[in-house]
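Take a look at the structure below.
The values are calculated or read from the model by the stated rules, or taken from the named source; none is laboratory data. Computed from a predicted structure; not experimentally measured. Virtual Cβ from ideal backbone geometry, glycine too; neighbours counted across all protein chains shown.
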Amino acid sequence: MVDLKGLEKFAPKDFPGFLSATVFLPGCNFRCPYCHNAELVLHPDRLASIPLDFFLAFLDSRKGWLEGICVSGGEPLLEPDLESFLAVIKERAFLVKLDTNGSLPGRLEAVVRAGLADHVAMDIKAPAARYAEVVRAAVDPGDIERSVRFLRESGVPHVLRTTVVPGLVGPEDLSAIGTWIGGASVFQIQNFSPAGVADAGLAARRPYPPDAVSAMADAMALYFDTVRIEGA
């Protein structure tokens with residue numbers, strides 16, 4: 001069964017529209033410098049594991065109150081037993097929101113087709129030409145495209161989201177992303193926060209001011225049906 005490394009018992013912003021909690025799975029195939037879960041990604045062995053029995057007891061105690069569970073990471077689709085874990089959650093009548101970086105389209109398709117995800121949030125880290133540079137890892141942009149295309153065709157509610165980081169991901173990158181994978185989706189711009197990032201060199205970097213983020217959102221309305229902002 002999966003190795004659980006974190007549980008946020010009430011996470012009102014993680015699953016929009018639903019009262020939810022978030023559970024965190026370890027490991028990731030990306031090394032984004034602005035990641036806020038560095039220990040979870042780089043040193044999961046240093047984090048205590050949450051016994052599955054504890055998590056199941058938590059779910060049972062929240063029936064009739066919580067509506068959904070957000071499964072995040074790290075990259076949850078790296079977990080071989082993810083389907084079994086999601087099935088346990090679904091058996092208890094909770095909705096499931098899956099967070100993913102979209103680099104494993106085959107795994108994403110399997111989970112969604114099995115009816116184990118009610119909502120998917122997929123990160124679009126950068127334009128295709130800059131993907132490996134931004135995530136600091138090998139990646140095939142074609143896999144990202146395949147995941148986006150599948151989500152649109154699947155009918156499952158989803159959001160595509162990009163974190164903007166001064167000096168790393170900015171307005172020109174957003175425009176290139178829009179040209180690359182724009183279409184009928186909800187697109188979310190997430191403003192960078194320097195607190196606790198993986199790359200200490202970003203700790204002193206200031207996020208974009210709110211008016212700059214608003215201008216980016218206005219520009220992205222050319223490419224996506226709905227554009228929203230988180231963390232501005």
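Filtering segment 125-148 down to residues that are within 13 Å of residue 173 (Cβ to Cβ) and not in a helix (DSSP H, G or I), which residue is farthest from the chain's Cα centre (by Cα)? Ranking the candidates gives 127 first.
How about segment 195-228: which of its residues are loosely packed, with under 15 Cβ neighbours inside 10 Å and under 19 Å from the mean Cα position of the chain (by Cα)? 195, 196, 226 - these are the residues of segment 195-228 that are loosely packed, with under 15 Cβ neighbours inside 10 Å and under 19 Å from the mean Cα position of the chain (by Cα).
Going through (1) farther than 22 Å from residue 1 by Cα; (2) without any contact (Cβ under 8 Å) to a residue 60 or more places away in the chain one by one, residue 49 falls short only on (1). For segment 178-190, a residue qualifies if it is surrounded by 16 or more Cβ atoms within 10 Å (Cβ to Cβ), at pLDDT 95 or above and not in a loop (DSSP other than H, G, I, E, B), and the qualifying residues are 178, 180, 181, 186, 187, 188, 189, 190. Being assigned to a loop (DSSP other than H, G, I, E, B) and in contact (Cβ under 8 Å) with a residue 40 or more places away in the chain is a description that applies to residue 198. Selection of first residues in segment 2-13 that are over 14 Å from residue 53 (Cα atoms) and of second residues that are part of a loop (DSSP other than H, G, I, E, B) and of a type in the set (Asp, Glu), restricted to Cβ pairs under 9 Å at least 6 apart or on distinct chains, gives the following pairs, ordered by first then second residue: 8/14. Within segment 52-83, track down each residue that is over 20 Å from residue 28 (Cβ atoms) and either in a loop (DSSP other than H, G, I, E, B) or free of Cβ contacts under 8 Å to residues at least 12 places away in the same chain (or both). Across segment 52-83, the qualifying residues are 53, 54, 57, 61, 62, 63, 64, 65, 66, 67. All of 166, 157, 171 fail the test of being farther than 17 Å from residue 104 by Cα, surrounded by fewer than 17 Cβ atoms within 10 Å (Cβ to Cβ) and touching a Phe, Trp or Tyr at 6+ places or on another chain (Cβ under 8 Å), apart from 166.
Residue count for segment 84-98 under the criterion of being in contact (Cβ under 8 Å) with a residue 12 or more places away in the chain, among the charged types (D, E, K, R) and surrounded by fewer than 20 Cβ atoms within 10 Å (Cβ to Cβ): the result is 2.
Scanning segment 93-124 for residues that are of a type in the set (Val, Ile, Thr) and either part of a helix (DSSP H, G or I) or more than 16 Å from residue 35 (Cβ to Cβ) (or both) gives 96, 111, 112, 120. Please tell me if residue 107 is of a type in the set (Lys, Arg), in contact with a Ser or Thr (Cβ under 9 Å, 6 or more places away or on another chain) and free of Cβ contacts under 8 Å to residues at least 40 places away in the same chain. Yes; evaluated as a whole, the condition is true for this residue.
Annotation note: Cβ proximity below 6 Å between a residue of segment 206-232 that is free of Cβ contacts under 8 Å to residues at least 60 places away in the same chain and a residue that is small (Gly, Ala, Ser) and surrounded by 16 or more Cβ atoms within 10 Å (Cβ to Cβ) (sequence gap 6+ or interchain) occurs for 210/232; 213/232; 220/178; 223/178; 223/182; 227/217; 229/217.
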